[in-house]
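Here is the structure we will look at, set down as structure tokens.
The values are calculated or read from the model by the stated rules, or taken from the named source; none is laboratory data. The model shown is predicted, which means the values in this text are computed figures rather than measured ones. Cβ sites come from the backbone with ideal geometry, for glycine too, and all protein chains shown count toward neighbours.
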Amino acid sequence: MGKAMAYKNLPSITECDSFLRRQNLAYGKSVREIVNSVLNQVRHEIYQNKTVSVSYNNTQILERVGAKVRIQSAGAQRVINATGVVVHTNLGRAPLSANLLAKVLPRMSSYSTLEYDLSTGKRGTRDSKVRKLLRSLSGAEDAMVVNNNAAAVFLMLKALTTGLPEDKTPEVIVSRGELVEIGGSFRIPDIMREAGVKLVEVGTTNRCRLSDYEQALTENTAALLKVHPSNYEIKGFTESVSVEKIAELAHSKGLFCFHDWGSGSFYRFKQRGLSEYATVKQELAADPDLLAFSGDKLLGGIQAGVLLGKAKNIQILRKHALYRALRLDKVTLALLEETLEVYLDLKRLPELVPTVGMLELTVEEIQKQVKLFLEKLELPNKSAWRCELLKTESRTGGGALPELPIESAALVLSHPEWSANDLQEWFRSQPVPVIVRVHEEQIWLDFRTILPHDSDELMSVMTRLI
């Protein structure tokens with residue numbers, strides 16, 4: 001195709017608006033800037049001689065306009081995660097199974113016994129089932145849930161560090177190497193300040209001993225806080241204090257020991273490396289007064305902050321005025337209940353909780369998936385596209401073992417006339433965007449995180465490209 005013909009294939013603004021309207025997308029002045037940016041990009045590509053040999057037609061350009069409008073004018077939407085990061089914070093963390101959602105739907109489309117006790121006909125407690133499930137699964141004296149782990153940490157600091165005279169500020173001791181910042185600029189020092197406690201840093205960035213905690217104790221000390229590093233790892237000349245040792249010291253002085261675990265699960269993983277990650281019962285065996293972790297990380301459920309520990313402490317938190325502002329709504333509660341129910345039958349857990357299922361896949365199983373996909377993908381004769389199966393490494397994500405590589409397999413894609421960045425942008429622009437990884441100027445699609453129901457859609461995307 002010559003450049004002149006390629007330019008003629010460019011749709012007019014009127015054609016673009018008509019196409020967008022037929023696709024039930026925003027059109028007209030509200031998206032004019034987006035439409036113009038796509039058309040200008042195509043003009044630039046034609047000028048650079050990138051698309052002439054590919055022979056984009058008018059319909060394909062219109063679809064590209066539609067994809068861009070869909071991305072930039074929509075809210076959260078479905079994507080295919082081909083990055084290999086299982087609990088991907090930017091992509092919604094833990095995906096929920098269709099079976100779980102189907103079980104919850106009848107309760108959401110009708111009235112429910114959210115706060116109604118059928119046996120007495122009186123007002124009930126909205127989280128009674130979740131509390132029972134959490135106690136059963138963990139062995140904790142009591143449990144409660146709030147809207148995320150940050151809220152859980154905030155509430156326990158705010159509610160349990162009172163009792164000092166008004167002119168005194170309660171102090172909470174934390175190792176300097178655990179003053180974490182996670183995604184969205186959430187910082188431990190900030191949450192402590194907002195909770196009205198004074199942060200007392202002990203140790204150094206890489207080394208902290210029990211004696212550091214002991215020397216920092218004052219009459220204003222209210223608690224000792226252990227924080228999981230979540231998204232980083234300090235290696236080399238290091239030393240840290242276990243929760244068990246911190247709890248022993250705290251309790252010997254009549255103080256609280258809090259553990260912000262970040263990401264936790266009731267399941268003992270079989271995957272190499274992950275099998276060393278503790279379970280909830282193991283963490284509680286260290287005897288912290290309260291343990292806090294997220295519901296949508298390794299647990300594989302909905303966003304929530306889980307609090308487990310001694311009953312008297314949980315009761316104080318439940319009676320605090322902040323709890324009503326932080327409690328879960330009926331939809332979140334129902335989804336969390338169904339997820340926890342699955343943990344009662346660990347044999348079916350990998351099947352019913354996608355996060356667990358993806359993490360437990362072996363490299364051999366993933367290689368079979370990629371081979372099958374490549375067999376179905378029909379490359380044109382003498383195609384310049386290069387598609388191959390290569391081993392790679394996945395990551396857990398979500399603040400659990402950030403440096404742990406999990407052996408995986410990927411479809412690796414490249415073309416002499418496409419840069420990796422251009423290809424990456426093309427994948428993001430599809431009706432169902434595909435989020436890929438770029439390495440050595442190639443596109444890597446890690447099949448560990450490509451869900452079974454995404455395979456057909458990915459095949460359609462690849463077919464359009466090739």
Within the range 367-377, is even one residue touching a strand residue (DSSP E or B) at 6+ places or on another chain (Cβ under 9 Å) and among the β-branched types (V, I, T)? yes
Might you let me know whether the range 277-284 holds any residue that is among the acidic types (D, E) and under 21 Å from the mean Cα position of the chain (by Cα)? no
Which of the strands (runs of 3 or more DSSP E) contained wholly in the range 255-316 include at least 2 residues that are among the aliphatic types (A, V, I, L, M) and surrounded by 21 or more Cβ atoms within 10 Å (Cβ to Cβ)? 290-294, 305-309
Which condition number in (1) at pLDDT below 90; (2) under 30 Å from G92 (Cβ atoms) is the one that D167 fails? (2)
From E248, E219, which residue is under 30 Å from K168 (Cα atoms), out of contact with any Lys or Arg (no Cβ under 9 Å at 6 or more places or on another chain) and outside any strand (DSSP E or B)? E248
Any residue at all in the range 116-130 that is without any contact (Cβ under 8 Å) to a residue 40 or more places away in the chain, buried (at least 17 other Cβ atoms within 10 Å of the Cβ) and over 22 Å from A311 (Cα atoms)? no
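Please pick out the residue among K312, K253, K245 that is over 27 Å from the mean Cα position of the chain (by Cα), outside the structural domain of L359 (by TED's automatic domain parsing) and without any contact (Cβ under 8 Å) to a residue 12 or more places away in the chain.
After applying the criteria, what remains is K312.
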Counting only residues that are surrounded by 12 or more Cβ atoms within 10 Å (Cβ to Cβ) and without any contact (Cβ under 8 Å) to a residue 12 or more places away in the chain, which one in the range 91-115 is farthest from I366 (Cα to Cα)? E115
Whichever residue in the range 413-440 is surrounded by fewer than 20 Cβ atoms within 10 Å (Cβ to Cβ) and among the aliphatic types (A, V, I, L, M) and, among such residues, is nearest to G264 (Cα to Cα): I435
Scan of the range 324-359 for residues that are surrounded by fewer than 17 Cβ atoms within 10 Å (Cβ to Cβ) and in contact (Cβ under 8 Å) with a residue 60 or more places away in the chain, ordered by number: K330, V331, E341, L344, L346
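Being outside the structural domain of G398 (by TED's automatic domain parsing), in contact (Cβ under 8 Å) with a residue 60 or more places away in the chain and aliphatic (A, V, I, L, M) narrows it down to one residue among A216, A195, A223; which is it?
Answer to the check: A223.
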Select from the range 1-15 the residues that are more than 14 Å from E63 (Cβ to Cβ), modelled with pLDDT of 80 or more and assigned to a helix (DSSP H, G or I) and list them in ascending order. Y7, K8, I13, T14
Residue that is modelled with the lowest pLDDT [pool: residues in the range 16-63 that are among the aromatic types (F, W, Y) and in a helix (DSSP H, G or I)]: Y47
Would you pick out the residues in the range 161-196 that are touching a strand residue (DSSP E or B) at 6+ places or on another chain (Cβ under 6 Å) and under 14 Å from L255 (Cα atoms)? T161, P170, E171, V172, I173, V174
Scanning the range 170-192 for residues that are of a type in the set (S, T, Y) and in contact (Cβ under 8 Å) with a residue 12 or more places away in the chain gives S175
Does the range 156-168 include one or more residues that are touching a residue at least 40 places away in the same chain (Cβ under 8 Å), assigned to a helix (DSSP H, G or I), farther than 17 Å from K310 by Cβ and of a type in the set (A, V, I, L, M)? no
